[in-house]
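For reference, the structure discussed in these notes is given below.
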Amino acid sequence: MLTQEQCQGTVNISDVFGAAIWSVDYILYGAGLKVSRMHLHMGTPYRYSAWQPITINGTAPNARPLYYGNMFTSTALAGGDKQVVSVLNETSLTAYAIYSAKHSPATLESLAVVNLEQYNMTQSASARPYTAFKFPAHLGGWSRAKVRRLTAPGTDARTNVTFAGQYVDDTGCIVGELDIERVHNGQVLVAAGEAVLVSL
């Protein structure tokens, strides 16, 4: 994620895209520990808020990067009765299997993959590294899976954040064409500073 030097001075990690990626990992990790509810602190003028509902100091209402992290996790956990299992836990790469527990036995519903590696907007887009995640063939169904990508130009970005190709405008509406990707050859690529939700 962001270096200590970047966290000091003009960059506040609470209002950049890195916070969205962090929140996805944090909330899904907590869910895997059977934490049933989390509250993220918010205040209207605060940089760490998920959104700014009114104009403040000339800045129009806007959804901040953390809001998109919340969109990701709410999509992953929608409907309740979920069991979350950590299937990969490395320094900069994590993955969570999300099961529907409405019936016994629980059934695999989706897989969330989070790439916590730092990538800043000042770097060349062509140099952004990707990690390929290959899914177990014996589980089946991956060719029909829907992939929703949480992304931005970099972990230090404050704008141009999208989830499944869509963004939130200054009226609070989700706009843009929905972009549902597919799993190709049993794998999905996840760039540095991105997360994907693969739904079966």
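Restricting to region 83-99, and then to whatever is more than 22 Å from Phe17 (Cα to Cα) and in contact with an Asp or Glu (Cβ under 8 Å, 6 or more places away or on another chain), can you tell me which residue is surrounded by the fewest Cβ atoms within 10 Å (Cβ to Cβ)? It comes out as Tyr99.
Considering only residues that are under 22 Å from Leu33 (Cβ atoms) and outside any strand (DSSP E or B), which ones fall in region 84-140? Lay out the reasoning, then the answer.
Just the residues of region 84-140 that are under 22 Å from Leu33 (Cβ atoms), to begin with: 84-102, 104-116.
Listed by number, the residues that qualify are Glu90, Thr91, Ser92, Ala101, Lys102, Ser104, Pro105, Ala106, Leu116.
Considering region 161-179, and only residues there that are free of Cβ contacts under 8 Å to residues at least 12 places away in the same chain and not in a loop (DSSP other than H, G, I, E, B), the residue that is nearest to the chain's Cα centre (by Cα) turns out to be Ile174.
If you go through region 100-117 and keep only what is more than 15 Å from Thr75 (Cβ to Cβ) and either surrounded by 17 or more Cβ atoms within 10 Å (Cβ to Cβ) or within 14 Å of the chain's Cα centre (by Cα) (or both), you end up with Asn115, Leu116, Glu117.
Residue check: Ala127 meets all listed conditions (1) more than 21 Å from Ser74 (Cβ to Cβ); (2) surrounded by 13 or more Cβ atoms within 10 Å (Cβ to Cβ) but one, namely (2). Of all the numbered requirements in (1) part of a loop (DSSP other than H, G, I, E, B); (2) more than 24 Å from Ser23 (Cβ to Cβ), Ser143 misses one, and that requirement is (1). Screening Pro53, Pro45 for residues that are at pLDDT 85 or above and surrounded by fewer than 18 Cβ atoms within 10 Å (Cβ to Cβ) leaves exactly one candidate, Pro53.
Within region 38-50, residues that are on the phi < 0 side of the Ramachandran plot and aliphatic (A, V, I, L, M) sit with their Cβ atoms under 7 Å from residues that are surrounded by 12 or more Cβ atoms within 10 Å (Cβ to Cβ) and outside any loop (DSSP other than H, G, I, E, B), at 6+ positions apart or across chains, in these pairs: Met38/Ile27; Met38/Gly30; Ala50/Leu66; Ala50/Tyr67; Ala50/Asn70.
The values are calculated or read from the model by the stated rules, or taken from the named source; none is laboratory data. The model shown is predicted, which means the values in this text are computed figures rather than measured ones. Glycine gets a Cβ as well: all are built from the backbone with ideal geometry, and neighbour counts include every protein chain shown.
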